[in-house]
Amino acid sequence: MKSLTKSELFRELPSVDELLRRSGITSLVRAHGATAATDAARWVLSRLREQITSGLLDHSSLQIALEGLPRAVEKQIRTSLGYSLRPVINATGVILHTNLGRAVTARPVLDHVSETATSYSNLEFDLATGERGKRDVHVDRLFQKLLAENVPDRVAADGPAVGQTRSQGQVAGISTIVVNNNAAAVLLALNTLAEGGEVIVSRGELVEIGGSFRIPEVMAKSGAILREVGTTNRTRIADYEKAITDRTRALLRVHRSNFEITGFTEQPTTAEWVELGHRRNLPLLEDLGSGALADLESFGIHNEPTVLDSLRAGVDLITYSGDKLLGGPQAGLLSGRADLIERMRANSLFRALRVDKLTYAALESTLLAYVKHDYASIPTLEMMRLSREEIGQRAYTLAQHVNSKGNKIKAEVINGESVIGGGAAPSSVLPTCLVALTGGELSADELATRLRASTPPVIGRVEQGRVLLDLRTVFPIQDEELTAAVISLTR
């Protein structure tokens, strides 16, 4: 049979109006409305035109596609009217995967959020006095237990009076406020304490965080003036001291949470940095980023500073994220001297950057787990705790099910490593077991594409011609769905 030209194939396609009048599609118009059905029909026909143009469809395959038009239109309607934000199975082994939503919300947290969202609440209402209250109190009371009770009082922001040492000045406790993310926390801190003045920071800490946001740019937006000291790999305490002038308003340290500098390096110790700031009566700001509240050594994570470590060392103000190592909702947290926090609370930027009742509810529930030392109820910490052996048992079960089906997909269990992700603990890896998939004539990229198209979508890693699945970040309740998705890859 003579093959048809592309022009002839185009003429085989119905118009949108013709398609909408076809049997099987008129019912879709009645069920979902003319607008949704028309948009879906246009999209499906447009896709067929693209496939004809690119040479992917000949006359025979086009006829098959035309017969399936009602199903294609129905599928497109459901896609367009369904949720775009969908649950996925994270089989990457990256615990705080920024693209997949970072920290997972625990069920008790979600219950508290739901309860708060579906009724009125005392968000800014003092039940004892019947007067207006502050939304901060719902979490600050818990931060007081976790942080303030474990940190000695500090000298207030204005420093000691003339003739006094810093330890003899007015003291202030530790307090915490919440904004919408850590970049906002840094912005608020710099604007409050250093607008119009200089902030000294090492060149080795001028980092870029996710979404191309850079510390110098955040500082410029705050109204503070960046004063760089040292070099990329070596900065000494003397570099900070030489840079201090009457225009200096604060010293800033930025935790290199998503990369490392190794080799010929030097940076001041925390003790040196704190001593200088206190001696010169300058606020010490630390952008800690990951914001761990628990001691991570027991989870196999080493050399990752915690919020409490920094406060105990004498840092005046710390900014960090809620949805990283803390394991809570997206939020920017500022913990430090109460007098500095009070100045930030009075800044009009604070109102612009503040969070809503749902974030407070999620954060309150997460913090309660810390107060109770119930780390097992925080998914981020529980994933970090899993051993290679525990993950391996589930990995072997999955591989056995896949291999027993006799299809072209082959599964092998190999040793590997998980990572924390989310700009946290870049040098730390956790030992794990991986399920390595190969698919005969299907490439690893094709297998990964098909896994993403499954329901729910499965996200893995592609390395050395194989798809790797790490069950550390897969909840046990998802194992059955994951196994079914893998088995159906060649159907």
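The values are calculated or read from the model by the stated rules, or taken from the named source; none is laboratory data. Just so we're clear, the structure is a prediction, and the values are computed from it rather than from any experiment. We place every Cβ from the backbone using ideal geometry, glycine too, and count neighbours over all the protein chains shown.
Before moving on, here are some points about what is shown:
- Test: residue in region 296-314 that is modelled with pLDDT of 95 or more, charged (D, E, K, R) and farther than 19 Å from residue 102 by Cβ: no
- Which numbered condition residue 397 fails, given (1) within 27 Å of residue 487 (Cα to Cα); (2) assigned to a loop (DSSP other than H, G, I, E, B): (2)
- Tally of residues being surrounded by fewer than 24 Cβ atoms within 10 Å (Cβ to Cβ), among the aliphatic types (A, V, I, L, M) and over 17 Å from residue 251 (Cβ atoms) across region 310-340: 1
- The set of residues in region 94-130 that are in contact with a Phe, Trp or Tyr (Cβ under 9 Å, 6 or more places away or on another chain) and within 19 Å of residue 291 (Cα to Cα) contains only 104.
- Restricting region 402-424 to residues that are part of a helix (DSSP H, G or I) and surrounded by fewer than 17 Cβ atoms within 10 Å (Cβ to Cβ), the residue that is farthest from the chain's Cα centre (by Cα): 404
- Just one of the listed residues (421, 406) is of a type in the set (Gly, Ala, Ser) and farther than 30 Å from residue 79 by Cβ, namely 406.
- Flag for residue 263 being modelled with pLDDT under 90, at positive phi and surrounded by 21 or more Cβ atoms within 10 Å (Cβ to Cβ): no
- Those residues of region 77-98 which are surrounded by fewer than 13 Cβ atoms within 10 Å (Cβ to Cβ) and among the polar types (S, T, N, Q), in sequence order: 79, 84
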